[in-house]
Amino acid sequence: MTKDETIIPVHQWTDGGTEVLILRCCDKDGKSYGGFQWPLEVGAAVEVPDWEPTAECGNGLHGWPWGLSMGDGKDPDWAGRWIVWGADPATVVLLGGKVKAPRGMIRFVGDWQAATAFVLAGQIRWVHQASRGAASSTGSSGAASSTGNRGAASSTG
């Protein structure tokens, strides 16, 4: 497989920029688990005091990269405050469908519909690059069935 065929994992996807955009929900006041207060101003920096780069929940800022796997690890609060924050991909730790990072920048604050719309274009581009060879393939990737290196439904690679 050539470098151009390498699929970038969603927790490392920057959509041509420098940040992974991460979606999360908080209560209406911007507080999350344990009472952590998120800044509610676009452009504000956010950081946790107790960062641990382990692949375990806790000790980091959490959310769903590009809004994918929404609900993994947390039931969404549809009436709450929704935040999109950007993180350096080198610091993002995958926790199943959700991720955590030590710090980031607030890029959006609003309701869930507008927050998901904010990340939608980058989400679609990630899906597109991750699904090259979509129906079936005997090459290096395929989303339905494959005899190469990747396949979402079934694979012999």
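The values are calculated or read from the model by the stated rules, or taken from the named source; none is laboratory data. Given the structure is predicted, the values throughout are model-derived calculations rather than measurements. We place every Cβ from the backbone using ideal geometry, glycine too, and count neighbours over all the protein chains shown. Just the protein is used for accessible areas: all its heavy atoms, side chains included, with ligands, DNA and RNA removed. Shrake-Rupley method; radii C 1.70, N 1.55, O 1.52, S 1.80 Å.
Can you tell me which residue in the stretch 58-70 is surrounded by the fewest Cβ atoms within 10 Å (Cβ to Cβ), limited to those that are assigned to a loop (DSSP other than H, G, I, E, B) and not hydrophobic (A, V, I, L, M, F, W, C)?
Top of the filtered list is G58.
Can you report the number of residues in the stretch 45-57 which are surrounded by fewer than 15 Cβ atoms within 10 Å (Cβ to Cβ) and either touching a residue at least 24 places away in the same chain (Cβ under 8 Å) or outside any loop (DSSP other than H, G, I, E, B) (or both)?
7
Quick check on the stretch 1-20: of everything there that is closer than 17 Å to L95 by Cα and among the β-branched types (V, I, T), which residue is surrounded by the fewest Cβ atoms within 10 Å (Cβ to Cβ)?
By that ranking, first place goes to I8.
Answer yes if at least one residue in the stretch 21-36 is among the β-branched types (V, I, T) and surrounded by 16 or more Cβ atoms within 10 Å (Cβ to Cβ), and no otherwise.
yes
With respect to A79, determine if the residue is within 21 Å of G34 (Cα to Cα) and surrounded by 19 or more Cβ atoms within 10 Å (Cβ to Cβ).
No; evaluated as a whole, the condition is false for this residue.
Can you report the number of residues in the stretch 101-157 which are modelled with pLDDT under 95, open to solvent by 50 Å² or more (accessible area, probe 1.4 Å) and out of contact with any helix residue (DSSP H, G or I) (no Cβ under 8 Å at 6 or more places or on another chain)?
Total meeting the criteria: 13.
Report the residue count in the stretch 10-26 for those that are in contact with a strand residue (DSSP E or B) (Cβ under 7 Å, 6 or more places away or on another chain) and not in a helix (DSSP H, G or I).
Total meeting the criteria: 10.
Which condition does K28 not pass, out of (1) in contact (Cβ under 8 Å) with a residue 24 or more places away in the chain; (2) touching a Phe, Trp or Tyr at 6+ places or on another chain (Cβ under 8 Å), if it passes all the others?
Condition not satisfied by K28: (2).
Can you name the residue in the stretch 71-93 that is assigned to a loop (DSSP other than H, G, I, E, B) and in contact with a Leu (Cβ under 9 Å, 6 or more places away or on another chain) and, of all such residues, is modelled with the lowest pLDDT?
In this case the residue turns out to be G73.
Mind telling me which of the residues A87, A115, A79, A101 ends up being aliphatic (A, V, I, L, M), touching a residue at least 12 places away in the same chain (Cβ under 8 Å) and in contact with a Phe, Trp or Tyr (Cβ under 7 Å, 6 or more places away or on another chain)?
Matching residue, one of A87, A115, A79, A101: A115.
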